[in-house]
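Trainee: Got a structure for you, questions after.
Just so you know, all these numbers are worked out from the coordinates, no wet-lab data involved. Owing to the predicted nature of the structure, the values given are computational and were not obtained by experimental measurement. Cβ coordinates were reconstructed from backbone atoms using ideal geometry, including for glycine residues, and neighbour counts include every protein chain displayed.
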Amino acid sequence: MSKTCLECNEKIVGREDKKFCSDGCRNSYNNKINKDSTNYMRNINNKLRKNYRILCDINVEGKSKTTKNKLLSKGFDFDFMTNVLHTKTGNTYYFVYDQGYMHLDNEFYMLVKKDI
């Protein structure tokens with residue numbers, strides 16, 4: 001029984017468990033499967049990436065302080081984050097992946113990096 005490539009339907013030669021005839025077909029197939037399916041998803045992912053890069057650029061040491069104006073001037077969008085952490089002490093941290101921020105007094109923000 002011969003198997004065919006999931007991408008191009010060519011006959012597969014080699015191991016019995018192979019699904020693709022070449023690395024190119026495997027990459028092409030996986031790129032199609034994993035691409036953002038809509039503009040909406042793509043736009044959200046782009047905003048999350050931009051927020052993450054901004055936090056990484058400012059928070060080089062893993063813990064620092066910055067102003068709201070500095071974040072906004074770099075294009076940070078406070079509406080886009082990946083999760084929220086409420087601590088036992090009543091603090092709320094907003095995270096973009098492992099980079100987080102917490103609002104302090106007078107338009108200042110504490111930036112932190114979560115240990116993974």
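Trainee: How large is the dipole of the chain about the Cα centre if only Lys and Arg carry +1 and Asp and Glu carry -1, each at its Cβ, rounded to the nearest 20 debye?
Mentor: 160
Trainee: Something else about it: Given just the C-alpha atoms of the stretch 75-116, how large is their convex hull per residue in cubic angstrom?
Mentor: Looking at the stretch 75-116, the number lands at 86 Å³ per residue.
Trainee: At a Förster radius of 25 Å, what calculated FRET efficiency corresponds to the Cβ-Cβ distance of LYS70 and ASN39, to the nearest 0.05?
Mentor: Computed FRET efficiency for LYS70 and ASN39: 0.25.
Trainee: For the chain, find the longest principal axis of its Cα atoms and tell me its angle to the long axis of helix 23-34, 0 to 90°, nearest 10.
Mentor: Taking Cα atoms only, the helix is inclined about 50 degrees.
Trainee: For the chain, set up a GNM with springs between Cα atoms under 10 Å and report which of ARG26, ARG42, ARG53 has the largest fluctuation.
Mentor: In the Gaussian network model the winner is ARG26.
Trainee: ASN106 versus VAL84, label points 7 Å from Cα toward the beta carbon: distance in nm?
Mentor: Taking the simple label geometry, ASN106 and VAL84 are separated by 2.7 nm.
Trainee: Then there's this: Using +1 at the Cβ of each Lys and Arg and -1 at the Cβ of each Asp and Glu in the chain, identify which of SER22, LEU85, ILE44 lies farthest towards the dipole's positive end.
Mentor: The listed residue farthest towards the positive side: SER22.
Trainee: A follow-up question, please. Which three numbers, in whole Å and largest first, are the semi-axes of the equivalent ellipsoid of the chain derived from its Cα gyration tensor as √(5λ)?
Mentor: Semi-axis lengths for the chain are 45, 15, 12 Å.
Trainee: What angle do you read, to the nearest 10 degrees and between 0 and 90, between the alpha-carbon axis of helix 39-58 and the longest principal axis of the chain?
Mentor: It works out to around 50 degrees.
Trainee: Given R₀ = 30 Å, what would the calculated FRET efficiency be for GLU16 paired with LYS50, taking r from the Cβ atoms and rounding to 0.05?
Mentor: 0.10
Trainee: Give the value in nm², to one decimal: projected area of the alpha carbon convex hull of the stretch 1-52, averaged over all directions.
Mentor: Over all viewing directions, the stretch 1-52 projects a mean Cα-hull area of 5.0 nm².
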